[in-house]
Amino acid sequence: MKQALVIGAGPAGLMAAQELANAGLKVTIAEAKPSPARKLLMAGKSGLNLTKDEPKDEFIEAFGESANELRPMLEAFGPQNVKAWANWLDQSVFTGSSGRVFPEAMKASPLLREWLKRLQEQGVTLKTRWKWLGGNDFETPEGRVEFAPDVTVLACGGASWSRLGSDGKWAEHFADSVAPFKPANMGFEVSWSQHMTPHFGAPVKAVRLIAGEQEHLGEFVISQRGIEGSGVYAMSKALREGAELRLDLLPKTPLEEVEARLKKAGKQSLPNALKRLKIPAAKRALFFEFGKNGDGSTAEKLKNLPIKLDRPRPLDEAISVAGGLRFEALDDGLMLRNQPGVFAAGEMLDWEAPTGGYLITACLATGKWAGQHAAAWVNKT
């Protein structure tokens, strides 16, 4: 029986192992950490968002510059397939009002336990604390080990959340084939004045974020270090690339109406006038932090408030990353062109996904694609 090796036991690696086992190969998974899928389990602590139930083309286009490369994989294993796969693992799912799909248990642990059980029943062997050193070499609890399979799928993760196993150190083995890592879906640092201290931890809801030509209606949180949360993550790529962040603090109220309401406030102080407009304290604080100076009327600033960002949060704190193995270094089956028999999948590929279920779906889809093509390749040799 031919042997397959999968390096990395996250969603992409486990899915690749599943496909290789389905094809009749003897599969070993090598995982550097003491247990598998740690990042998946961490993501599931706040509700495991598996995918997003929306039209296939709309779903794929959310991947932006990588949409064309990912299209074949996402067409083969998209949102509806993810839902069916979760049901196959005895995990019923539901779709929220935003289209986001979650297991009814909300957590990742029941799904992962069942998945590992199914893989074990297929004869898949999981080796933990096996750190890949490049080539066929591993550092293990028993010392240095050489493992030379007939085919390999790399699913080593990106370069964020290193404590959970994704440290990006694998990139040193593929120097010319790797696009530089950049943080994605991350918060941004802001140098706050002292008057913002009482608002640390406060949510800013129902706000329109504007960065260049991109707009997003959502919310975020003011933290001691800056701003973070889903609304900020949705704009993170544009902001990372230098777009200025502006906020419409009253997105449901036209400018003319804001002006009229302020005029009715008459000679009241500006703080009292803003209270009269029923603007929440956190939004008022942001206005006084960034809107005291500069051009424009009070109403114009409430509708288009510039926010001065210092820098993105560090790469290791990002939810995900951009950068990784370039698609031009891979063939259509995700095999490295200069390393026959070595395939790659998941976050180690050079793509960037927004939050909302896109990330996990693409990891599963690329893992399945790489596993299927790896099995087809080795069975031909």
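Can you tell me which condition Val204 does not meet? The list is (1) hydrophobic (A, V, I, L, M, F, W, C); (2) touching a Leu at 6+ places or on another chain (Cβ under 9 Å); (3) closer than 30 Å to Gly157 by Cβ, and all the others hold.
Going through (1) hydrophobic (A, V, I, L, M, F, W, C); (2) touching a Leu at 6+ places or on another chain (Cβ under 9 Å); (3) closer than 30 Å to Gly157 by Cβ one by one, Val204 breaks only (3).
Looking at this structure, is Thr28 polar (S, T, N, Q) and in contact with a Pro (Cβ under 8 Å, 6 or more places away or on another chain)?
Details: polar (S, T, N, Q): yes; in contact with a Pro (Cβ under 8 Å, 6 or more places away or on another chain): yes.
Here the answer is yes, as Thr28 does meet what is asked.
Might you check whether a residue that is within 23 Å of Trp369 (Cβ to Cβ), part of a helix (DSSP H, G or I), small (Gly, Ala, Ser) and touching a helix residue (DSSP H, G or I) at 6+ places or on another chain (Cβ under 8 Å) occurs anywhere in segment 39-56?
The initial filter retains those residues of segment 39-56 that are within 23 Å of Trp369 (Cβ to Cβ), namely 39-40, 43, 48-56.
From what's left, part of a helix (DSSP H, G or I): 39-40, 43, 56.
So of that shortlist, the ones also small (Gly, Ala, Ser) come out as 43.
Still in the running and touching a helix residue (DSSP H, G or I) at 6+ places or on another chain (Cβ under 8 Å): 43.
Yes, that holds for at least one residue.
Please determine, by comparing only the residues of segment 76-100 that are in a helix (DSSP H, G or I) and among the aromatic types (Phe, Trp, Tyr), which one is surrounded by the fewest Cβ atoms within 10 Å (Cβ to Cβ).
Quick first cut of segment 76-100, residues in a helix (DSSP H, G or I) only: 76, 79-88.
With among the aromatic types (Phe, Trp, Tyr) added as a condition, the list becomes 85, 88.
On the way: Trp85: 20, Trp88: 11.
Taking the candidates together, the pick is Trp88.
Quick one: in segment 310-336, of everything that is among the hydrophobic types (A, V, I, L, M, F, W, C) and in contact with an Asp or Glu (Cβ under 7 Å, 6 or more places away or on another chain), which residue is surrounded by the fewest Cβ atoms within 10 Å (Cβ to Cβ)? Give the steps one after another, and end with the answer.
So the first thing to find is which residues in segment 310-336 are among the hydrophobic types (A, V, I, L, M, F, W, C), and the list is 315, 318-319, 321-322, 325, 327, 329-330, 334-336.
Subsequent filtering for residues that are in contact with an Asp or Glu (Cβ under 7 Å, 6 or more places away or on another chain) retains 321-322, 325, 327.
Values: Val321: 27, Ala322: 24, Leu325: 23, Phe327: 18.
Here the residue is Phe327.
Every residue in segment 213-238 that is part of a loop (DSSP other than H, G, I, E, B) and either at pLDDT 95 or above or surrounded by 15 or more Cβ atoms within 10 Å (Cβ to Cβ) (or both), please.
Of segment 213-238, the ones part of a loop (DSSP other than H, G, I, E, B) are 213, 223-225, 229, 235.
Selection gives Ser223, Gln224, Arg225, Gly229, Met235.
Could you tell me whether any residue of segment 154-166 is under 15 Å from the mean Cα position of the chain (by Cα), surrounded by fewer than 19 Cβ atoms within 10 Å (Cβ to Cβ) and at negative phi?
The answer is yes, given that some residue of segment 154-166 is under 15 Å from the mean Cα position of the chain (by Cα), surrounded by fewer than 19 Cβ atoms within 10 Å (Cβ to Cβ) and at negative phi.
Does Met73 qualify as being surrounded by fewer than 20 Cβ atoms within 10 Å (Cβ to Cβ), under 21 Å from Gly10 (Cα atoms), assigned by TED's automatic domain parsing to the domain that holds Met42 and under 19 Å from the mean Cα position of the chain (by Cα)?
For Met73, the condition - surrounded by fewer than 20 Cβ atoms within 10 Å (Cβ to Cβ), under 21 Å from Gly10 (Cα atoms), assigned by TED's automatic domain parsing to the domain that holds Met42 and under 19 Å from the mean Cα position of the chain (by Cα) - is not met.
Any residue at all in segment 313-329 that's outside any helix (DSSP H, G or I), acidic (Asp, Glu) and in the same structural domain as Leu40 (by TED's automatic domain parsing)?
Filtering segment 313-329 down to residues outside any helix (DSSP H, G or I) leaves 313-314, 318-326.
From what's left, acidic (Asp, Glu): none.
No, the conditions are met nowhere in segment 313-329.
Scanning segment 281-296 for residues that are surrounded by 13 or more Cβ atoms within 10 Å (Cβ to Cβ) and of a type outside the set (A, V, I, L, M, F, W, C), which turns out modelled with the lowest pLDDT?
Here the answer is Gly296.
Out of all the residues in segment 258-280, which are within 22 Å of Leu217 (Cα to Cα) and exposed (fewer than 13 other Cβ atoms within 10 Å of the Cβ)?
Lys278
Might you check whether a residue that is aliphatic (A, V, I, L, M) and over 16 Å from Pro354 (Cβ atoms) occurs anywhere in segment 88-97?
Initially, segment 88-97 is screened for residues aliphatic (A, V, I, L, M), giving 89, 93.
Those left that are additionally over 16 Å from Pro354 (Cβ atoms): 89, 93.
There is at least one residue in segment 88-97 that is aliphatic (A, V, I, L, M) and over 16 Å from Pro354 (Cβ atoms).
So Ala243 fits all but one of (1) out of contact with any helix residue (DSSP H, G or I) (no Cβ under 8 Å at 6 or more places or on another chain); (2) buried (at least 17 other Cβ atoms within 10 Å of the Cβ); (3) in a loop (DSSP other than H, G, I, E, B); what number is the exception?
Every condition holds for Ala243 apart from (2).
Quick check: is even one residue across segment 139-146 touching a residue at least 40 places away in the same chain (Cβ under 8 Å), in contact with a Leu (Cβ under 7 Å, 6 or more places away or on another chain) and either assigned to a strand (DSSP E or B) or in the same structural domain as Gly78 (by TED's automatic domain parsing) (or both)? It would help to see each step written out before you state the result.
Looking only at segment 139-146, we keep the residues that are touching a residue at least 40 places away in the same chain (Cβ under 8 Å), and these are none.
Checking segment 139-146: not a single residue is touching a residue at least 40 places away in the same chain (Cβ under 8 Å), in contact with a Leu (Cβ under 7 Å, 6 or more places away or on another chain) and either assigned to a strand (DSSP E or B) or in the same structural domain as Gly78 (by TED's automatic domain parsing) (or both).
Quick check: anything in segment 333-344 of a type in the set (Phe, Trp, Tyr), within 27 Å of Gly44 (Cβ to Cβ) and outside the structural domain of His199 (by TED's automatic domain parsing)?
We begin by selecting, within segment 333-344, every residue of a type in the set (Phe, Trp, Tyr); these are 343.
Retained after the next criterion (residues that are within 27 Å of Gly44 (Cβ to Cβ)): 343.
When the remaining residues are screened for being outside the structural domain of His199 (by TED's automatic domain parsing), the result is 343.
Scanning segment 333-344, I find at least one residue that is of a type in the set (Phe, Trp, Tyr), within 27 Å of Gly44 (Cβ to Cβ) and outside the structural domain of His199 (by TED's automatic domain parsing), so the answer is yes.
What residue, of Pro72, Pro36, is modelled with pLDDT of 95 or more and either outside any helix (DSSP H, G or I) or under 30 Å from Glu142 (Cβ atoms) (or both)? Break it down stepwise before answering.
Details: Pro72 fails: either outside any helix (DSSP H, G or I) or under 30 Å from Glu142 (Cβ atoms) (or both).
Within the list Pro72, Pro36, the selection yields Pro36.
Taking the residues in segment 362-380 that are surrounded by fewer than 24 Cβ atoms within 10 Å (Cβ to Cβ) and in contact (Cβ under 8 Å) with a residue 40 or more places away in the chain as candidates, determine which candidate is nearest to the chain's Cα centre (by Cα).
Taking the candidates together, the pick is Lys368.
The values are calculated or read from the model by the stated rules, or taken from the named source; none is laboratory data. For clarity, every value in this text was computed on a predicted model and none was experimentally measured. When we count neighbours, we look across all protein chains shown, and the Cβ atoms used for this are built from the backbone with ideal geometry, even at glycine.
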